[in-house]
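Nothing in this text is a laboratory measurement; each read-out follows from the coordinates by a stated rule. Not measured: the values here are computed from a predicted model. Glycine gets a Cβ as well: all are built from the backbone with ideal geometry, and neighbour counts include every protein chain shown.
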Amino acid sequence: MIIRVVDIGSNSVKASQYRVEKGKQQLISKNKLDYSLGNLVFAKGSIPDAGADRIAKFIHGLPRPRSGKPEFTFVLATSAVRSASNRAAFTHRLEALIGLDVRVLSGAEESYLIHMGILSQAAVKPGEIVKTIDIGGGSAEVSWSRGAKYLAGKSYELGAIRVAQRFVDGKPFTRAVLARIHEHALKTFRAQAPMEVPAAHRAIGSSGNLRALGHVMGKMRGQTLSRLLPGVTPGALEDLAELAVGRTPREVGALVGLQSQQRIHILMPAAMILLAGMRHFGIPRLTVTEAGLREGAAYFWSRHGHLTLPVSA
């Protein structure tokens, strides 16, 4: 069976096609629309009608996999849509345009799917405690499990776009600005952390922001980017922060070789959020993976045949 999962995120809209059978999923193809709902929602509070129109055009234009037409398509929306004042109007308009249901995930559901998507590609050992962290444009998700059994997780309103709009204005970074972002993230984690956090055997990060940071860490060490990126440490993030002081977001992007204009402006906020998360949740090092929410949805569907998730809203 072939399914398609569309992820309407705060930074972009992504679609992946999977072959699912016998409790496993195999990626067939993926497509991306560089369209940031987060820039609209976190600045103005709502999504214009043109937003639904553009996303609908992307979905209608998705190529048909050579191996066959998807039998099911799941359209999942995350933090930006969750936060939009006109979320109901947006989803109703998009549903009418594409003829599919649009499911706005709760923070708990998003956290769960990201974690399970990462685990589905991680070869977890019996009894192994794995922590995961994902920093998107609108929110950050931190979760953990033991032996691939989900224990706890939470979504925090600490996305890189959301934080950048609050603290960064395009001017050169100062130590004070970076420190304010870090302290804001740390206070948010402290105030909203779910339960006592166990020590972990392994920590894995996901999201485009963390992949970009992993790429930067690799370049800083003279290593090349690979599918499973080199480890990220608090010390390396501190080094990056020191490198950013006195430079604008564009100058930092040029220095570390980032091409995406959107990513350039949110790289350092993402780095400071990640640094706070690693410190608060006791993560001395993490690797970065390509897997995330879409893999989690495909993985859960492949095992259960539905997307009724075992987490509360």
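Per residue, the convex hull around the alpha carbon atoms of the stretch 122-288 comes to 98 Å³.
For every other residue with a beta carbon closer than 11 angstrom to the beta carbon of Q192, add +1 if it is Lys or Arg and -1 if Asp or Glu, then tell me the sum. For residues surrounding Q192, the net value is +2. Dipole size of the stretch 37-161 about its Cα centre, with +1 on Lys/Arg Cβ and -1 on Asp/Glu Cβ: approximately 220 debye, rounded to the nearest 20.
Normalised by 2.2 N^0.38 Å, where N counts its residues, the alpha-carbon radius of gyration of the stretch 121-161 equals 1.32. Helical runs (DSSP H, four residues minimum) scored at -39500 (n - 2.57) apiece and divided by the length of the chain put the mean residue ellipticity at 222 nm at -14000 deg cm²/dmol. Between their Cα atoms, which of K32/K187; K14/K44; K44/K154; K22/K219; K69/K149 are more than 29 Å away from each other? As for pairs spanning more than 29 Å Cα to Cα, those are K32/K187; K22/K219; K69/K149. Packing here is the average count of other Cβ atoms within 10 Å per residue, and on that basis the peptides 283-292, 58-67, 135-144, highest first, run 135-144, 283-292, 58-67. Here the relative contact order of the chain, from alpha carbon pairs under 8 Å that lie six or more residues apart, stands at 21 percent. Segment R285..Q259, full-extension length gain: 6.8 nm, with 0.36 nm per residue of separation and the alpha-carbon distance subtracted. The alpha carbon radius of gyration of the stretch 2-105, expressed as a multiple of 2.2 N^0.38 Å, is 1.08.
Peptides 208-220, 42-54, ordered by how many other C-beta atoms sit within 10 Å of their residues on average, highest first, read 208-220, 42-54. For the stretch 70-172, the calculated P(r), taken from all Cα-Cα distances in 5 Å bins from zero up to the bin holding the longest distance, is 2, 12, 18, 16, 16, 15, 11, 6, 3, 1 percent. Taken about its Cα centre, the chain carries a charge dipole of about 440 debye when Lys and Arg each add +1 at the Cβ and Asp and Glu each add -1 at the Cβ.
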